[in-house]
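S.K.: This is the structure I want to talk about, given as structure tokens.
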Amino acid sequence: MTTGLQMPWELTAGPDGQLWVTEGLGKQIVRVNPTTGQKSVAVTIPGALAGGQHQGLLGMALHPDLLKGQGRDWVYVAYTYGPEAAPKKKIVRYTFTAASGRLTAPTLVIGNLPAGNDHNAGRLKIGPDGKLYFTMGDLGHNQFANYAKPITS
């Protein structure tokens, strides 16, 4: 369908007929036309930490009212940030502007969440109850270089 994505992580079909993709290493959310493969960058997040395995832009959830004229054209994104030696995760809400195809007005939903150098997970979903759900992962604890670290997910 397309090429050149930098570690695609989340892929979801949008109400605009585009496929929305987070790039773990590319620090971008890209919209892909599924017919032509044409890509357009909706936002680049330079503050995302993409230094290791399972880091960078992670999960994304499109608000159910996106492009319905309700004033809730929101896209939620989870990503790692901070120094590689002590990374954290956050969830940020962006506003999508259809005319420009861009995500703007970042608003912190929650920050300072635990992260690690492996197994950050980071999937986002909006449930049928309208609440935003987020998976944390085990951070790679109790394996390899993270041996004997407690799993708290």
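The values are calculated or read from the model by the stated rules, or taken from the named source; none is laboratory data. This one's a predicted model, so the numbers in the text were calculated from it and none came from an experiment. Every residue, glycine among them, receives a Cβ derived from its backbone with ideal geometry; neighbour counts consider all protein chains shown. Accessible surface is based on the protein model in full, side chains and every heavy atom, while ligands, DNA and RNA are left aside. Shrake-Rupley method; radii C 1.70, N 1.55, O 1.52, S 1.80 Å.
S.K.: Identify the residue in region 29-40 that is touching a residue at least 60 places away in the same chain (Cβ under 8 Å) and either in contact with a Pro (Cβ under 8 Å, 6 or more places away or on another chain) or not polar (S, T, N, Q) (or both) and, among all such residues, is most open to solvent (accessible area, probe 1.4 Å).
M.R.: Arg31
S.K.: Within region 59-92, which residues are outside any loop (DSSP other than H, G, I, E, B) and open to solvent by less than 20 Å² (accessible area, probe 1.4 Å)?
M.R.: Listed by number, the residues that qualify are Gly59, Met60, Ala61, Val75, Val77, Ala78, Tyr79, Thr80, Lys89, Ile91, Val92.
S.K.: Using the structure shown, decide if Thr95 is at pLDDT below 95, in contact with a strand residue (DSSP E or B) (Cβ under 8 Å, 6 or more places away or on another chain) and not in a loop (DSSP other than H, G, I, E, B).
M.R.: No.
S.K.: Checking the condition open to solvent by less than 20 Å² (accessible area, probe 1.4 Å) and over 12 Å from the mean Cα position of the chain (by Cα), which residue from Gly14, Gly111 passes?
M.R.: Gly14
S.K.: Still on this model: Could you please let me know if Thr44 is under 24 Å from Ile126 (Cα atoms) and in contact (Cβ under 8 Å) with a residue 12 or more places away in the chain?
M.R.: Considered against the rule, which asks whether it is under 24 Å from Ile126 (Cα atoms) and in contact (Cβ under 8 Å) with a residue 12 or more places away in the chain, Thr44 comes out as yes.
S.K.: Return yes when Val21 is in contact (Cβ under 8 Å) with a residue 24 or more places away in the chain, open to solvent by less than 40 Å² (accessible area, probe 1.4 Å) and in a strand (DSSP E or B) and no when it is not.
M.R.: Answer is no for this residue.
S.K.: Turning to a different aspect of this structure: Just checking, does region 94-102 include any residue being aromatic (Phe, Trp, Tyr), open to solvent by less than 20 Å² (accessible area, probe 1.4 Å), over 12 Å from the mean Cα position of the chain (by Cα) and under 26 Å from Asp129 (Cβ atoms)?
M.R.: yes
S.K.: Among the candidates Gly56, Gly47, Gly26, which residue alone is surrounded by fewer than 15 Cβ atoms within 10 Å (Cβ to Cβ), within 29 Å of Pro83 (Cβ to Cβ) and either modelled with pLDDT under 95 or within 10 Å of the chain's Cα centre (by Cα) (or both)?
M.R.: Gly47
S.K.: So which residues in region 5-30 are among the small types (Gly, Ala, Ser) and under 22 Å from Ser100 (Cβ atoms)?
M.R.: Ala13, Gly14, Gly17, Gly26
S.K.: If Ile126 passes every condition in (1) open to solvent by 60 Å² or more (accessible area, probe 1.4 Å); (2) over 18 Å from Leu49 (Cα atoms) but one, which one does it miss?
M.R.: If we test Ile126 against (1) open to solvent by 60 Å² or more (accessible area, probe 1.4 Å); (2) over 18 Å from Leu49 (Cα atoms), just (1) comes out false.
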